[in-house]
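The values are calculated or read from the model by the stated rules, or taken from the named source; none is laboratory data. Everything numeric in this text was worked out from a predicted model, so none of it was measured. FYI the Cβ positions are ideal-geometry reconstructions off the backbone, even for glycines, and counts take in every protein chain you see.
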Amino acid sequence: MAEPALAAFGRYLKLLRQRRGLSLDDVEQLTRDLPERVTKTYLSRCENGRQGTALAKLIALSQAYHVPVEVLTERLSLDLELERLGGPETGQLSFAEAQQRARRAARVGLFWDAYAYARDAIELSRQGPLLPGFASMEEQYAAALRNQAIAASLIGFSSFARYELERVIEQGAFGMLHMSRACVALACVLSQVGDERSTLHYARLALETGFATPSTETRAHALFAHGRALWRCGEYGPSLEAHRQALRLYHEAMLPHCGVRTLMDISGSYESMGNWDAAIRLGREALRLAVKHGLRRFAALARDGLGDVLIQAGRPRQALPLLFDAVRVADEFRDFQVAFGARAKILKCLGDLGEPHAEAFAKDLLRLSARVSPTARDMPLFVSLMSERYPKLWVASQRDH
């Protein structure tokens with residue numbers, strides 16, 4: 001199995017302390033006057049995976065390490081959920097094998113497996129040997145940290161992913177190729193949380209560094225990130241051009257899963273412009289591409305996106321079967337973000353159509369929301385629906401929480 005949750009989270013706590021250049025004694029002194037003091041004995045046990053870390057202690061550590069507390073809570077949630085799900089076997093793998101399996105899992109939509117492989121590869125990256133494609137052990141280690149953050153972002157844990165990507169970029173260990181890929185990942189995370197200005201900054205940096213390499217895949221990723229950033233900023237014409245260039249390069253590089261995402265973004269651009277026919281056509285094209293290549297998880301993502309377009313176009317009845325299919329496959333893949341988002345859209349459709357069982361569906365969705373990151377893409381829709389249409393349920397849930 002993957003590394004136990006307490007051990008993995010303990011390693012992360014140790015990494016945060018070492019980044020600040022602090023000893024165990026230093027942390028005890030820094031937290032001495034806080035409501036929850038963290039003794040060196042307690043922290044040592046946590047870092048070595050022999051003890052869980054209470055929330056009050058995490059708050060104290062977040063202050064000592066100058067790390068947002070949601071970064072720590074998201075990381076702990078990731079590790080605990082992976083342990084609950086039962087991750088893949090990682091114990092006997094080399095760094096090269098773990099990285100290869102992480103990439104393969106991400107390409108077919110097994111994002112929890114991708115996180116497990118990427119996370120457990122970090123310590124292996126420091127042991128050697130230095131793999132081809134890396135200029136130094138420092139770059140190899142930074143790339144391993146980056147890949148873990150990317151996997152976390154795919155699951156929907158944006159705060160942790162953003163923090164870690166910012167740190168590895170600041171580290172300055174990357175050459176052009178790995179720098180571009182880190183900037184692409186950070187730009188995509190920033191677009192999810194609505195930071196358009198920073199999204200565009202890192203997307204431009206991804207282009208600058210990506211086109212300094214001969215890698216078709218790296219250039220395609222940079223164009224994709226730039227297209228998404230322009231879309232989020234309302235520059236639809238340049239966004240469509242960047243996405244079309246990315247789509248051509250993804251076809252050359254034989255990366256159909258990336259093609260699906262790009263077609264979905266193009267559909268989103270047309271949706272933002274109010275061109276519903278084009279948005280629906282591109283959404284269906286994304287779905288056909290996913291189905292053609294047997295990419296079931298990406299097909300679920302495409303159905304979710306197409307369902308959203310149909311809702312915005314005033315066609316909730318057409319959206320419902322697509323969204324129910326998306327939920328079924330997302331549940332199978334343990335993709336809580338897509339499953340939650342599709343269910344939130346189903347709830348909107350049921351309410352718009354006046355279906356009598358909408359409130360019962362809302363109760364089920366409330367229970368599922370406890371397993372989803374607060375930064376999940378469709379959380380604002382969920383909060384809006386619950387607070388406006390089912391205020392009694394919403395108030396009760398907040399009081400219980």
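Among the residues of segment 109-127, are any among the acidic types (D, E) and within 30 Å of Y42 (Cα to Cα)? Among the residues of segment 109-127, at least one is among the acidic types (D, E) and within 30 Å of Y42 (Cα to Cα), which makes the answer yes.
Residues that are without any contact (Cβ under 8 Å) to a residue 12 or more places away in the chain and not small (G, A, S) were ranked within segment 8-30; the one that is farthest from R167 (Cα to Cα) is Q29. Among the residues making up segment 246-299, those that are under 23 Å from R315 (Cα atoms) and part of a loop (DSSP other than H, G, I, E, B) are M273, G274, N275.
Here the condition is being surrounded by 21 or more Cβ atoms within 10 Å (Cβ to Cβ) and either within 20 Å of the chain's Cα centre (by Cα) or under 28 Å from G87 (Cβ atoms) (or both); of R343, R328, it holds for R343 alone.
Checked against (1) outside any helix (DSSP H, G or I); (2) under 14 Å from G10 (Cα atoms), V67 passes all but a single condition, namely (2).
Restricting attention to segment 218-251, and to residues there that are of a type in the set (D, E, K, R) and over 13 Å from S269 (Cβ atoms), which single residue is surrounded by the fewest Cβ atoms within 10 Å (Cβ to Cβ)?
Here the answer is R248.
Looking only at residues in segment 350-361 that are out of contact with any Leu (no Cβ under 6 Å at 6 or more places or on another chain) and crowded, with 17+ Cβ neighbours inside 10 Å, which one is farthest from V327 (Cα to Cα)? Full working, then the answer.
Quick first cut of segment 350-361, residues out of contact with any Leu (no Cβ under 6 Å at 6 or more places or on another chain) only: 350-357, 359-360.
Now narrow it down to the ones that are crowded, with 17+ Cβ neighbours inside 10 Å: 350-351.
On the way: L350: 15, G351: 18 Å.
So, considering only residues that are out of contact with any Leu (no Cβ under 6 Å at 6 or more places or on another chain) and crowded, with 17+ Cβ neighbours inside 10 Å, the one farthest from V327 (Cα to Cα) is G351.
Any idea which residue in segment 246-283 is nearest to G210 (Cα to Cα), counting only those that are of a type in the set (K, R) and more than 24 Å from the chain's Cα centre (by Cα)?
Kept after step one, since they are of a type in the set (K, R), are these residues of segment 246-283: 248, 261, 281.
Filter again for more than 24 Å from the chain's Cα centre (by Cα), leaving 248, 281.
Values: R248: 16, R281: 31 Å.
Once the filter is applied, the top-ranked residue is R248.
Restricting attention to segment 368-382, does a residue exist that is crowded, with 20+ Cβ neighbours inside 10 Å, at pLDDT 90 or above and part of a helix (DSSP H, G or I)? Checked segment 368-382: at least one residue is crowded, with 20+ Cβ neighbours inside 10 Å, at pLDDT 90 or above and part of a helix (DSSP H, G or I).
Answer yes or no as to whether Q127 is within 18 Å of the chain's Cα centre (by Cα) and among the polar types (S, T, N, Q).
no
Can you tell me which residue within segment 1-53, out of those that are in a loop (DSSP other than H, G, I, E, B) and among the aliphatic types (A, V, I, L, M), is nearest to L145 (Cα to Cα)? By that ranking, first place goes to A2.
For segment 102-132: of the residues being in contact (Cβ under 8 Å) with a residue 40 or more places away in the chain and of a type in the set (G, A, S), which is surrounded by the fewest Cβ atoms within 10 Å (Cβ to Cβ)? Only one residue fits best here, namely A106.
Within segment 155-162, is there a residue that is crowded, with 21+ Cβ neighbours inside 10 Å, of a type in the set (A, V, I, L, M) and at pLDDT below 95? Walk me through how you get there before you give the answer.
So in segment 155-162, the residues crowded, with 21+ Cβ neighbours inside 10 Å come out as 155-162.
Within this subset, residues satisfying the condition of being of a type in the set (A, V, I, L, M) are 155, 161.
Applying the additional criterion that residues be at pLDDT below 95 yields 155.
Yes, that holds for at least one residue.
Scan segment 175-198 and tell me whether some residue there is among the small types (G, A, S), surrounded by fewer than 22 Cβ atoms within 10 Å (Cβ to Cβ), free of Cβ contacts under 8 Å to residues at least 12 places away in the same chain and more than 28 Å from D378 (Cα to Cα). No, the conditions are met nowhere in segment 175-198. Scanning segment 1-58 for residues that are more than 17 Å from V71 (Cβ to Cβ) and either in contact with a Phe, Trp or Tyr (Cβ under 6 Å, 6 or more places away or on another chain) or among the charged types (D, E, K, R) (or both) yields a count of 11. Taken over segment 314-338, residues that are assigned to a loop (DSSP other than H, G, I, E, B) and free of Cβ contacts under 8 Å to residues at least 40 places away in the same chain amount to 2. Of all the residues in segment 130-163, those that are over 22 Å from the mean Cα position of the chain (by Cα) and of a type in the set (S, T, N, Q) number 1. Here E89 does not fit the description of being of a type in the set (D, E, K, R), surrounded by fewer than 18 Cβ atoms within 10 Å (Cβ to Cβ) and either modelled with pLDDT of 95 or more or more than 26 Å from D335 (Cβ to Cβ) (or both).
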